[in-house]
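The values are calculated or read from the model by the stated rules, or taken from the named source; none is laboratory data. Small disclaimer: the values here were computed from a predicted structure and weren't measured. No Cβ is skipped: glycine too gets one built from the backbone with ideal geometry, and neighbour counts run over all protein chains shown.
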Amino acid sequence: MSSPVYAIEDNLILTPDPRLLLFVLAAPYLASLCAAWLPVRARATAAAMSGMVALAGLVAIAFFYPAVAGGGTVRQEYEWLPILGLNLVVRLDGLTLLFSGMVLAIGALVSLYARYYMSAEDPVPRFFSFLLAFMGSMLGIILSGNLIQIAFFWELTSLFSFLLIGYWHHNQSARDGARMALIVTGFGGVCLLVGLLLLGRMAGSYDLDVVLAAGEKIRADALYLPALILILLGAFTKSAQFPFHFWLPHAMAAPTPVSAYLHSATMVKAGIFLLILLWPVLAGTGAWYLIVTTTGLATLLIGAWAAIFQHDLKGLLAYSTISHLGLITLLLGLGSPLAAVAAIFHTVNHATFKASLFMAAGIIDHETGTRDLRRLSGLARYMPVTATLAMVAAAAMAGVPLLNGFLSKEMFLAEALEGHSGTIIDQLLPYLATLASAFSVLYSIRFIHQTFFGPEPRDLPHQPKEAPPWMRLPIEILVLLCLLVGIIPALTIGPLLAAAARAMLGAATPEYSLAIWHGFNAPLLMSMAALLGGAIMYRIAGSRLNAIEQSPIIGRIKGRRGFEATLATIIDGARMLHRLLGTSRLQVQLRLIIGTALAGGAIPFLLLGFTLGDKATTLLDPVFAVLWMIGGACAAGAAWQAKFHRVAALTLAGVAGLAACISFVWLSAPDLGLTQLLVEIVTLALLLLGLRWLPMRRTDMWQGTPNPWSVKLRRGGDLAIALLGGGGIAAVTYAMMTRPQPDSISRAFIEKAYPEGGGTNVVNVILVDFRGFDTLGEITVLSIVALTIFTLLRRFRPAPESVELPHQQRQQNAADKARSGAEMGDTVAHYLFIPRVIMEWLFPVVLTFGLYLVMRGHDLPGGGFAGGVTVSIAILILYMASGTRSVEARLNVRPVRWISLGLLCALLTGLASLLLGYPFLTSEARYVTVPLIGAIPLASALIFDIGVFAVVVGTTVLILIALAHQSIRSPRTRKPDDLPPRPAVRQGEG
Amino acid sequence: MEIVLALAIGTLTASGLWLLFRPRTFQVILGLSLLAYAVNLFILAAGRIRTDAPPVVARDAASDPALYADPLPQALVLTAIVISFATTALLLVVLLASRGLTGTDHVDGEDGDQ
């Protein structure tokens, strides 16, 4: 079900099939699965796979460039839940082309880098498996054309980021950092989902293209503000904006390739991407300006300030990333199209230089064994190439001319100068922007100067040396890109940026120039001031920075502490609620559940009153009344006696069950009466088998003294709930039965049972044909229950006091011993001898009856259930008559095979109709004349019913045998010495 | 007939609920069986009371739904009977295992105040 939609302006352009996009999206996930199965040491294979997938994706995406360069969109839609507006949509336009290209290109480079960075000791294929899955999720966000789909992939990036940060899971800080990132971004993800749902509601569709076209309608909607705040919460947590920025520095516990990929180029850019994507819809209002600009500005300044005082190379880069993300957010907040273009441009530039800086930091860490700026020094003489590359990248970060960072920073400064709102932020913006740029220069100089220059390093964990050429290659490529974009922007990034800007802004795309030289103007002066100011600050204060333990002013505000305090409060609150409201006591839980149901059931009566319908009641048959007088009394008697007289209570409950059977037959449900009666027998046998293992009841806890008040009160309450529940159900039932029955599907079932189902017993036709799928599910449940019981009983250890032989058997054995000429156990063996012979002879009769019930089930009361239970009763009788050991010496019932064959039989019948081109479980009916027996209805439903029959036989027999085996198993495991003294009181045991 | 059936269902429910709240496992199992009877009869009652009209249709003539009892609740109850058998069996075994492990037949696995 695919409906490709081409929205390409120029049809002459040859476009690849849009389905290729789905391949680009799926390939990383498939490769991730493959990588997960690679041998633990297959470092190179995994890296090659990862790199190849990224490169292939990049090439595939590049083919789409002609189609989207002019502002077109390539879409491919797969229907999934069209009713809910949920379709799988992959779409690509100029903007998403740029972002997906960035994700794939840096992904390929990081794969190469990680091949050399990761130690052969680590399970590297797992790393690449996570990395690939992350890549796929990131592409998923970018290529999605549906809001829900975006939220889905958004969550996936959080998850895989968690796995990647916690890759070295033996490391406490990695685990903490991973958890913190997951909780913060997960919180944002939930907010985002709600925000996107609101957005879709306002636009009337979750389809991205519809939403993008509904900007004005959305901005005028009353839900705009809550949706905006929620979506911004999602974007800000992901992009580490103040006050959620604290997770990013802690995420530096991840392997450096992860930091280079996730925490500079991709994941943190997901928030930025979302802001850019929804910018045409959400931006341009006062609320947007206020929230986004303020947040961006605060993040820009705080990040830059904190970066200056970091002593960890990666920490410095992390705070610098926070600051640059703040810059981009600020640009998007300004709301002008030119600022938006600058934001896209800076996003790409930042990814380029920051990824290369992270990789350089990783090389330094890898080759020296430390990332501490206070210990590093003078490395330029050991690793000249890396030093040069890092210097160029850091210069780009500082905004030095002829590098890409300079260009976008110029655009930023120019935008900072433009008046946008006239507020105090607007007035201060040029100064603050210059200040933040100066900070950026300062920490860039510190990064380079302290690491590569100065005196010979001392006491480094490793002797520093140059990194292998292949490890440097990704950095070289990225730095080359920094230079190319910085020197000839129009030839390199120009067309891509233009396509992205046009996709984002449409008709509002502004005129802009990517030239390096715009003449002596204010932005250039600000840039120069920042460069000079940063250099001077470093000259004055640089040497003292190493001595400062934490950032002044903001150092004491620890995001982490706030986070942990919040977390602790939430957990404490949950514990308190659990203490207050939770209970592990079953009785309390049941009282609560039934009490709630009772209250819920009472509400309609209290609101609307109790009225009866006008359907005439049927004439009362006195016999029916007597039947239920007995049945009701027995039910109440069972309830009363279940504590002290178990067998009596079981018998009384059995009588109530018999009354139910008779009622079924009376009320025109012969199938039910039959099945209930048979099930009743099996259940009774089961419970009797179970009774053996229950402890003896003490006659009364408070013998002689009156029961305490608490007990009386509790019993009184239970009685009240029970009576209210019973009375309520009786009232509801009566009210229901006095109303005429509404028309239902039953009409169709009765009319079609014979012509289409080929059977006259409508109930059976419903079970095996019309609703055969339900029955298939039901027998599956039965099989699962049987296997569960079997497994539970394999580990069953009876309580010590029920291990010894039953009282009666011991008496009989004692009598044998006392009498001369009798073997020990003779009396037990001859117990009920004549009935046992009759029972053994009954076996074939009952067996035949069971089979007869199955065969006639389609036309007359019977069927697979009833037949199955009958056959299991036959086997049960045999067990009771001959004893477990003697039956199993002669008869080999393999219940598990019955179950599996039955399930297979039912399933294959269903699949056969699928093969013949009919829907699953369609039945074909025919009568076949068998000699001696006559015409039998042979529908394919009968084969299905035989499957049901086999499962029921297997299940019932498995359960009964498993229970019966306990009796012959436990004496074998008994150790006579361990036997507890015999309890003195034996009363109450039925 | 209606009032008797309603009262019967009510009695079964009340007895079942009382047993459900008891502390001993055997009582709870018995309570569940009684509740199962009540629920099955209730579902059947949803098809209204019909006597002498089992939903077994004639082979030759077109079937008139008015002549037969509602087969749908019956199909549902048939399923319910089998499933309640399975749950009773499972509960019994779980409780026996718990009894073996904890040495008591209290539903919470430990003898409380009762």
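Comparison of A:LEU545, A:LEU619 shows that the only residue that is aliphatic (A, V, I, L, M) and surrounded by 10 or more Cβ atoms within 10 Å (Cβ to Cβ) is A:LEU545. No other residue among A:LEU586, A:LEU592 is of a type in the set (A, V, I, L, M) and within 10 Å of chain B (Cβ to nearest Cβ) apart from A:LEU586. In the condition set (1) closer than 30 Å to A:ILE959 by Cβ; (2) out of contact with any Leu (no Cβ under 9 Å at 6 or more places or on another chain), A:ILE766 is compliant with all but (2).
Determine if segment B:39-62 includes at least one residue that is among the hydroxyl-bearing types (Ser, Thr, Tyr) and in a helix (DSSP H, G or I). Taking every residue of segment B:39-62 in turn, none turns out to be among the hydroxyl-bearing types (Ser, Thr, Tyr) and in a helix (DSSP H, G or I).
Only one of the listed residues (A:VAL59, A:VAL24) is modelled with pLDDT of 90 or more and under 18 Å from A:PHE153 (Cα atoms). That residue is A:VAL24. Evaluating A:ALA174 against the criteria (1) part of a helix (DSSP H, G or I); (2) outside the structural domain of A:LEU84 (by TED's automatic domain parsing) leaves one unmet condition, (2). For segment A:776-796, a tally of residues being touching a Ser or Thr at 6+ places or on another chain (Cβ under 8 Å) and either facing chain B (nearest Cβ under 7 Å) or free of Cβ contacts under 8 Å to residues at least 24 places away in the same chain (or both) returns 3.
Only one of the numbered conditions (1) under 27 Å from A:LEU112 (Cα atoms); (2) not in a helix (DSSP H, G or I) is violated by A:ASP221, and that is (1).
Within segment A:647-699, being more than 7 Å from chain B (Cβ to nearest Cβ) and not hydrophobic (A, V, I, L, M, F, W, C) holds for A:THR651, A:GLY654, A:GLY673, A:GLU680, A:ARG692, A:ARG697, A:ARG698, A:THR699.
Restricting to segment B:80-114, what's the tally of residues that are β-branched (Val, Ile, Thr), surrounded by fewer than 18 Cβ atoms within 10 Å (Cβ to Cβ) and under 24 Å from the mean Cα position of the chain (by Cα)? So the count comes out to 3.
Restricting attention to segment A:68-84, the residues that are small (Gly, Ala, Ser) and touching a Lys or Arg at 6+ places or on another chain (Cβ under 6 Å) add up to 1. Residue pairs whose Cβ atoms lie under 7 Å apart, separated by 6 or more positions or on different chains, with the first residue in segment A:382-408 and on the phi > 0 side of the Ramachandran plot and the second part of a loop (DSSP other than H, G, I, E, B), are A:LEU402/A:ILE516. If you go through segment B:60-70 one residue at a time, do you hit one that is within 21 Å of the chain's Cα centre (by Cα), of a type in the set (A, V, I, L, M) and under 27 Å from A:PHE790 (Cβ atoms)? So far as segment B:60-70 goes, no, none of its residues is within 21 Å of the chain's Cα centre (by Cα), of a type in the set (A, V, I, L, M) and under 27 Å from A:PHE790 (Cβ atoms). Confirm whether A:PHE128 is aromatic (Phe, Trp, Tyr), surrounded by 21 or more Cβ atoms within 10 Å (Cβ to Cβ) and touching a helix residue (DSSP H, G or I) at 6+ places or on another chain (Cβ under 8 Å). Taking the combined requirement at face value, the residue satisfies it.
Return the residue satisfying two criteria in turn: it lies in segment B:59-114 and is of a type in the set (Ser, Thr, Tyr) and in contact (Cβ under 8 Å) with a residue 12 or more places away in the chain, and of such residues it is farthest from the other protein chains (Cβ to nearest Cβ). So the residue we want is B:SER98. When the criteria are applied in full, B:GLY31 fails the requirement of being more than 7 Å from chain A (Cβ to nearest Cβ), buried (at least 24 other Cβ atoms within 10 Å of the Cβ) and over 24 Å from A:ARG692 (Cβ atoms). One residue stands out in segment A:201-234 among those that are acidic (Asp, Glu) and in contact (Cβ under 8 Å) with a residue 24 or more places away in the chain: the one that is surrounded by the fewest Cβ atoms within 10 Å (Cβ to Cβ), namely A:ASP209. Of the helices (runs of 4 or more DSSP H) lying entirely inside segment A:781-890, those carrying at least 2 residues that are among the β-branched types (Val, Ile, Thr) and surrounded by 12 or more Cβ atoms within 10 Å (Cβ to Cβ) are A:826-830, A:833-856, A:864-882, A:884-890.
Pairing each residue of segment A:884-913 that is assigned by TED's automatic domain parsing to the domain that holds A:VAL948 with any residue that is exposed (fewer than 15 other Cβ atoms within 10 Å of the Cβ), provided the two are 6+ apart or on different chains, yields C-beta distances under 6 Å for A:THR884/A:ILE968; A:GLY910/A:PHE920. Scanning segment A:333-382 for residues that are of a type in the set (S, T, N, Q) and within 21 Å of A:ALA298 (Cα to Cα) returns A:SER336, A:THR347. Scan segment A:721-764 for residues that are facing chain B (nearest Cβ under 7 Å) and either touching a residue at least 60 places away in the same chain (Cβ under 8 Å) or of a type outside the set (Asp, Glu) (or both) and the total you get is 26. Inclusion of B:GLY10 among residues that are within 23 Å of A:VAL682 (Cα to Cα), in a helix (DSSP H, G or I) and either within 7 Å of chain A (Cβ to nearest Cβ) or not aliphatic (A, V, I, L, M) (or both) is not warranted. Pairs are defined by a Cβ separation below 9 Å, a sequence spacing of at least 6 or placement on different chains, a first member in segment A:497-515 that is on the phi > 0 side of the Ramachandran plot, and a second member that is outside any helix (DSSP H, G or I) and not polar (S, T, N, Q); the pairs so defined are A:GLY506/A:GLY71.
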